[in-house]
Amino acid sequence: MNNFTKGLFKENPVLVLLLGMCPSLATTTSVINAIGMGLSAMVVLICSNAVISALRKCIPSKVRIAAYIVIIATFVTIVDMLLKAYMFSLSKSLGVFIPLIVVNCIILARAEAFASKNTVWQSVLDGAGMGLGFTIALVIIATVREILGAGTWCGLPVTTSGYQPALMFILPAGGFLSLGLILAAINLIKGGKKHE
Amino acid sequence: MEILIPVIVLGLIGLVMGSILAVASKVFQVETDPREEKVSALLPGANCGGCGFAGCAACAAAIAKGDAPVAACPGISAEALKEICAVMGVNEQEKTPMAAFVQCNGQLDKANFRYFFDGSKTCADIAALQQGDKLCAYACLGYGDCVQACNFGALSIENGIAKVHTADCVGCGVCVKTCPKQVLALMPKNIEAYAVKCSSKDKGAAMKEICSAGCIGCKLCEKACAFGAVKVENNLAKIDTQKCTGCGACAEKCPKHIIVGIGKKQMSSAS
Amino acid sequence: MDKQNTVFRMIFTLVAIAVVVSVALAFVNAKTEPVILQNNENQLQESLKSVIRAEKFEILSETEQETVYAAKNGETVVGYCVVNSQKGYGGDVKVMTGVDTDGKVTAIEILEHAETPGLGANAEKMRLNPNLQAKQKKLV
């Protein structure tokens with residue numbers, strides 16, 4: 001069970017391990033996009049972890065990177081096709097970032113560090129935990145950016161008309177700023193370097 | 001058969017890429033000793049540096065090459081050591097489990113201070129200023145350099161001095177090397193013995209002002225010991241753990257109550 | 001694990017994975033392709049209808065840069081839709097322009113863009129500017 005919960009907070013891939021920075025900045029301009037991206041990545045992570053774990057004894061170590069990427073790319077393609085077919089508008093707003101899930105560090109990192117050395121069920125739990133942690137982190141960042149930058153949350157207005165949205169937060173500069181400040185806040189809460 | 005084209009295309013790509021990788025792996029192959037990987041898996045993996053090598057991987061490489069003894073890792077468990085011996089094909093060596101011991105009991109209510117310093121609070125820095133902020137020049141300063149150095153979380157600061165959690169301590173010796181006052185020492189875990197919780201070489205008369213938990217060199221312990229294990233030198237009692245039988249006579253006689261049990265005689269979980 | 005790294009095993013593993021993967025993808029594609037095409041078609045029809053009110057649309061001409069649809073009610077042509085793209089700030093901007101039979105622009109719809117949200121993207125909110133002068137367009 002620990003393999004599932006560790007991905008949520010203690011070893012959150014975005015906020016602690018600092019993996020998957022690219023989609024964290026690019027898809028967090030709105031909370032809906034963040035949720036969509038997070039859940040798509042989670043599905044791919046669970047499936048690829050499961051398959052790679054199942055095949056871990058069969059794949060020779062020298063071709064493992066090629067094999068993992070092919071497996072991950074397959075699941076990403078499947079997710080991409082399903083999104084284009086059944087969730088068309090989400091697919092359009094996420095755009096090129098769905099195919100970019102293939103090179104999302106989180107997925108290859110978990111495959112290499114965990115799925116290749118553990119059983120299928122534990123790998124599934126790890127994938128689910130990490131994927132959910134990824135989604136949570138994205139939603140946190142997107143919440144900050146969307147509320148400050150557009151005055152809405154999930155498209156619903158949450159600020160008074162007196163608030164002039166700070167457009168910068170939707171732009172890349174604001175993305176980096178929000179991420180940096182959120183990481184700083186988390187380190188503050190965790191108490192920084194342990195004393196004594 | 002629409003399926004045939006993608007299958008053939010991807011299959012061919014797999015074939016070509018697989019061949020390239022196969023050739024590359026043979027051409028660029030690096031000869032590694034298989035024993036190195038096995039030894040590496042048996043080491044604790046904490047990279048504490050107690051062995052003197054740059055991490056567990058380097059230690060494993062040295063052991064496998066024969067540059068280091070099988071028992072190079074001070075933090076290794078007895079079972080793992082046995083397995084390393086098996087991997088390297090040498091006779092089994094017994095490892096003496098050690099644990100760190102703080103040779104000072106000068107807590108905040110016992111030790112007196114020379115000055116109060118408002119600035120960098122590390123043992124190394126304070127020790128550089130007139131040998132420390134306590135009147136006793138041999139004392140544990142309690143700013144936690146050892147705590148930071150410990151990779152196993154076995155040290156903490158309590159009431160102004162260091163405390164070892166012997167259950168967590170693997171005896172790697174990094175804290176011993178880190179302490180600027182050399183207050184820490186490694187003691188065997190598996191024996192029944194006693195040790196003196198003081199490092200002060202100051203005369204007994206002076207100790208009244210310096211620290212109420214300090215050894216005054218009264219030699220009551222030396223006289224009490226029937227085995228010649230306790231010797232008082234330079235106003236400080238020292239117990240030879242090889243000769244000590246753990247009878248506890250010295251501890252009973254000590255007027256300052258600074259002789260404590262170690263190893264199997266340890267009273268509490270910390271020392 | 002060195003026994004595993006033989007030339008045969010390496011090639012066989014990659015080929016096997018490639019074959020299985022391609023079968024799986026072909027299968028999913030077969031299931032989703034019609035739905036995706038239908039989605040795209042629906043989207044196109046929606047855009048066309050929002051630009052000119054008509055029953056059906058037929059492609060008049062189609063080139064790399066430009067597609068022209070004839071908007072028909074029954075057999076009478078009531079207007080035309082021109083779809084082309086121009087370079088914007090963040091990439092190409094795909095625009096659909098509705099023109100009625102007099103050559104007047106009825107509506108403009110932005111289909112695709114890569115503009116900055118809050119700046120260039122605000123163009124989406126803009127509808128037809130009534131002061132826009134329609135240029136006569138020679139239609140093939």
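The values are calculated or read from the model by the stated rules, or taken from the named source; none is laboratory data. All of these numbers come straight from a predicted model, not from anything done at the bench. In this analysis, Cβ positions are derived from the backbone assuming ideal geometry, glycine residues included, and neighbour counts consider all displayed protein chains. Side chains included, ligands, DNA and RNA excluded: accessible areas come from the protein's heavy atoms. Shrake-Rupley method; radii C 1.70, N 1.55, O 1.52, S 1.80 Å.
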Excluding A:G7 itself, calculate the net charge of residues whose Cβ lies under 10 Å from the Cβ of A:G7, where each Lys or Arg counts +1 and each Asp or Glu counts -1.
+1
Quick one, can you get me the convex hull of the C-alpha atoms of region A:83-196 expressed as volume per residue in Å³?
174
FRET efficiency for A:A113 and C:E66, using Cβ-Cβ distance with R0 set to 60 Å, rounded to 0.05:
0.70
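Can you give the mean number of other chain Cβ atoms that lie within 10 Å of the Cβ atoms in peptide C:38-47? All intermediate terms of the calculation are to be shown ahead of the outcome.
Values: counts 2, 8, 2, 0, 1, 3, 0, 0, 0, 0.
That average works out to 2.
If you take each beta carbon of peptide A:71-77 and count the beta carbons of other chains within 10 angstrom, what is the mean? Intermediate results must be reported in sequence, preceding the final value.
On the way: counts 3, 0, 2, 9, 3, 0, 5.
Average per residue, whole number: 3.
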Can you tell me which lysines have their Cα less than 23 Å from the Cα of C:K87? Leave out same-chain residues fewer than eight positions away.
A:K92, C:K125, C:K135, C:K137, C:K138
If packing is taken as the mean number of other Cβ atoms within 10 Å per residue, what is the order of A:15-24, B:124-133, highest first?
A:15-24, B:124-133
Between region B:1-78 and region B:144-208, what is the C-alpha centre distance in whole Å?
38
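How big a patch of accessible area, both sides summed and in Å² to the nearest 100, lies buried between C and A at a 1.4 Å probe?
Details: alone 10820 and 10340 Å², together 19070 Å².
Chains C and A together bury roughly 2100 Å² of accessible area.
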Accessible area drop of at least 40 Å² (1.4 Å probe, protein heavy atoms): which residues of region B:2-35 qualify, relative to the chain alone?
B:I3, B:V7, B:L10, B:L21, B:A22, B:S25, B:K26
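Can you pick out the pairs among A:K57/C:K31; A:K10/B:K38; C:K49/C:K94 whose Cα atoms lie more than 25 Å from each other?
In this structure, A:K57/C:K31; A:K10/B:K38 lie more than 25 Å apart at Cα.
Grab the other residues whose beta carbon is less than 10 angstrom from that of B:L135, score K and R as +1, D and E as -1, and report the net.
Details: positive: B:R114, B:K134; negative: B:D133, B:D202, B:E209.
Here the count lands on -1.
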Given the C-alpha centroids of region C:78-99 and region A:46-114, what is the distance between them in whole angstrom?
36
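Among B:K110/B:K265; B:K181/B:K231; B:K231/B:K264; A:K84/A:K117, which pairs are too far apart, with a Cα-Cα distance over 28 Å?
Values: B:K110/B:K265 25 Å; B:K181/B:K231 22 Å; B:K231/B:K264 22 Å; A:K84/A:K117 34 Å.
Pairs exceeding 28 Å: A:K84/A:K117.
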Longest principal axis of chain B (C-alpha) makes with the long axis of helix B:56-65 (C-alpha) an angle, in degrees to the nearest 10, of 80
Taking just the alpha carbons, could you work out the radius of gyration and Dmax for the protein assembly as shown, both in angstroms?
36.3, 124
Taking B:K121 as the anchor, which aspartates and glutamates have their alpha carbon closer than 17 Å to its alpha carbon, excluding any fewer than eight residues away along the same chain?
A:E196, B:D133, B:D145, B:E158
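Rounded, prolate or oblate: which fits chain B when a ≥ b ≥ c are the square roots of the eigenvalues of the alpha-carbon gyration tensor, with rounded for a/c under 1.5 and prolate only if a/b beats b/c? It would help to have the intermediate numbers written out before the result.
Working: a/c = 3.63, a/b = 2.24, b/c = 1.62.
Prolate.
Give me the net charge for the shell around B:V23: Cβ to Cβ below 15 angstrom, other residues only, Lys and Arg +1, Asp and Glu -1. List each step's numbers first, then the result.
Working: positive: A:K62, B:K26, C:R9; negative: none.
Its environment carries a net charge of +3.
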Cβ crowding within 10 Å averaged over residues, with B:99-111, B:31-43, B:154-166 ranked highest first
B:99-111, B:154-166, B:31-43
For chain A, the helices passing both cut-offs (Cα extent along own axis of 20 Å or more, Kyte-Doolittle mean at least -0.5, full DSSP H runs) are A:31-54, A:64-86, A:120-150, A:172-190
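Counting only protein heavy atoms and rolling a 1.4 Å probe, how much accessible area do B and C lose on contact, total for both sides, in Å² to 100?
The B and C chains share an interface burying roughly 1000 Å².
Tell me, what is the Rg over Rh of region B:1-83, with Rh the Kirkwood radius over Cα pairs? Provide the component values of the computation, followed by the final result.
Values: Rg = 21.4 Å, Rh = 15.8 Å.
We get a ratio of 1.35 for region B:1-83.
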Could you work out what % of the accessible surface of the protein assembly as shown is carbon and sulfur, using a 1.4 angstrom probe and leaving DNA, RNA and ligands out of the count?
60
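Mind checking the mean number of beta-carbon atoms from other chains within 10 Å of the Cβ atoms in A:53-66? Write out the running numbers ahead of the final one.
Details: counts 0, 0, 3, 0, 2, 6, 7, 18, 6, 17, 16, 3, 1, 10.
Per-residue shielding by partner chains comes out at 6.
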Can you work out the accessible area per residue across the protein assembly as shown, with the rest of the protein chains kept in place, probe 1.4 Å, in square angstrom?
54
C-alpha long axis of helix B:78-88 to longest principal axis of chain B, angle in °
40
